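Novice: One structure, pasted below without further comment.
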Amino acid sequence: MKTEITQAELVENLSYDPDSGVFRRKISNTRAVKAGDIAGSQNGKGYLTMMVCGRVYKAHRLAFLYMTGAFPPEEVDHINGIRDDNRWANLRAVSHVENSKNQKTPKSNTSGHIGVSWSSREQRWVSWVRIFGKTRYVGKFKDKDDAIQARLKANEQYGFHPNHGRVPQ
């Protein structure tokens, strides 16, 4: 089994511009791949991936290797939520729990806000938050705006990223 690429191997094969997040090939290794070409293509989930030294890597993980000399210990968060924006200022190493605190509002959400929903049974807006796999109810409200404000306050209390709950692009 091939081990992961080293920073030296990465730098030998690719250049990385931290301001644009773009990787470029340094070596022409096939007729189709020329030195100077932008490296990578989008996978089915919107992340940029590229083949380097016989293995496929996600560009955001390679950016960490390039800039720090090591892969991040757990996950990489795209701060603005744009999966192919690999500018160094847009990336941060996080745990899975921290990464889950910076999510877009799901397309299936009907209230327009994460953690706010209408309860037909209660005839009230309900605010809730999920922490470590457990749902904690924030409160029940007649007014939707009150439910949203309560959830935003809970976001601060539980350390959610300020971008959490942004509308998908």
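Novice: Which aspartates and glutamates does residue 101 reach when only Cα atoms under 12 Å apart count, and residues fewer than 8 places away in its own chain are ignored?
Specialist: Cross-link targets: 77, 156.
Novice: Taking the dipole about the Cα centre of the chain, with the C-beta of Lys and Arg at +1 and of Asp and Glu at -1, give me whichever of 66, 46, 126 is farthest to the positive side.
Specialist: Of the options given, the answer is 126.
Novice: Another one. Going by a ≥ b ≥ c, the root eigenvalues of the Cα gyration tensor, does region 1-42 fall in the rounded group (a/c under 1.5), the prolate group (a/b larger than b/c) or the oblate group?
Specialist: oblate
Novice: Can you tell me how region 77-116 classifies by the Cα gyration tensor, rounded, prolate or oblate, using a/c under 1.5 as the rounded cut?
Specialist: Judged from the Cα gyration tensor, region 77-116 comes out oblate (a/c at least 1.5, b/c at or above a/b).
Novice: Which FRET efficiency value, to the nearest 0.05, do you get for residue 41 and residue 15 by plugging their Cβ-Cβ distance into 1/(1 + (r/R0)^6) with R0 = 25 Å?
Specialist: According to the calculation, E is roughly 0.90.
Novice: Along Cα→Cβ, 7 Å out, is where each label goes; now give me the distance between the ones at residue 6 and residue 153 in nm to one decimal.
Specialist: That separation, rounded to one decimal, is 5.6 nm.
Novice: Sticking with this one: Quote the FRET efficiency, to the nearest 0.05, computed for residue 110 versus residue 132 with a Förster distance R0 of 22 Å and r equal to the Cβ-Cβ distance.
Specialist: FRET efficiency, residue 110 to residue 132: 0.30.
Novice: If each residue of separation counts as 0.36 nm, what is the full-extension length gain between residue 80 and residue 140 once their alpha-carbon separation is subtracted?
Specialist: In short, 18.6 nm is gained.
Novice: For the charge dipole of the chain, defined by +1 on Lys and Arg C-beta atoms and -1 on Asp and Glu C-beta atoms about the Cα centroid, which residue among 141, 102, 164 has the Cα displaced farthest towards the positive pole?
Specialist: Checked the options; the winner is 141.
Novice: Can you give the charge dipole size of the chain about its Cα centre, rounded to the nearest 20 debye, using +1 on the beta carbon of Lys and Arg and -1 on the beta carbon of Asp and Glu?
Specialist: In total the dipole reaches around 600 debye.
Novice: On to the next question. Treating only the Cβ atoms of Lys and Arg (+1) and Asp and Glu (-1) as charged, compute the dipole magnitude of region 7-98 about its Cα centre; round to the nearest 20 debye.
Specialist: With only Lys, Arg, Asp and Glu charged at Cβ, the dipole is about 420 debye.
Novice: Also: Using a simple charge model, +1 on the beta-carbon of Lys and Arg, -1 on the beta-carbon of Asp and Glu, nothing else, what dipole does region 95-169 show about its Cα centre, in debye to the nearest 20?
Specialist: Computed charge dipole of region 95-169: roughly 200 debye.
Novice: Where the centre of each part is set by its Cα atoms, how far does region 112-169 sit from region 1-55, in angstrom?
Specialist: 41
Novice: Sticking with this structure for a sec: Once you've got the Cα coordinates, tell me which of 104/140; 58/104; 107/153; 58/140 are over 32 Å apart.
Specialist: 58/140
Novice: So what is the 222 nm mean residue ellipticity for the chain from helices alone, if each DSSP H run of at least 4 adds -39500 (n - 2.57) and you divide by all residues, rounding to the nearest 500 deg cm²/dmol?
Specialist: Result for the chain: -6000 deg cm²/dmol, rounded to the nearest 500.
Novice: Hey, another quick one. Ordered by residue, what ³J(HN,Hα) values in Hz, to whole numbers, does region 67-76 give under the Karplus form 6.51 cos²θ - 1.76 cosθ + 1.60, where θ = phi - 60° and Gly and Pro are x?
Specialist: 7, 10, x, 8, 6, x, x, 10, 10, 10
Novice: Explain nothing, just the number: relative contact order of the chain, from Cα pairs under 8 Å at least 6 residues apart, as a whole percent.
Specialist: 15
Novice: If r is the Cβ-Cβ distance from residue 117 to residue 89 and R0 is 45 Å, what FRET efficiency results, to the nearest 0.05?
Specialist: Efficiency, rounded to the nearest 0.05: 0.85.
Novice: Could you please rank 16, 47, 137, placing first whichever residue has the fewest other Cβ atoms within 10 Å of its Cβ?
Specialist: Lowest count first: 137, 47, 16.
Novice: Going by a ≥ b ≥ c, the root eigenvalues of the Cα gyration tensor, does region 104-157 fall in the rounded group (a/c under 1.5), the prolate group (a/b larger than b/c) or the oblate group?
Specialist: rounded
Novice: Give the cross-link partners of residue 34 among the lysines, using a straight C-alpha distance below 19 Å as the criterion and excluding same-chain residues fewer than 8 apart.
Specialist: Within the straight-line cut-off, residue 34 pairs with 26.
Values in this text are rule-based calculations from the coordinates and carry no lab data. Computed from a predicted model, the values in this text were never measured in an experiment. Glycine also receives a Cβ, built like all others from the backbone with ideal geometry; neighbour counts cover every protein chain displayed.
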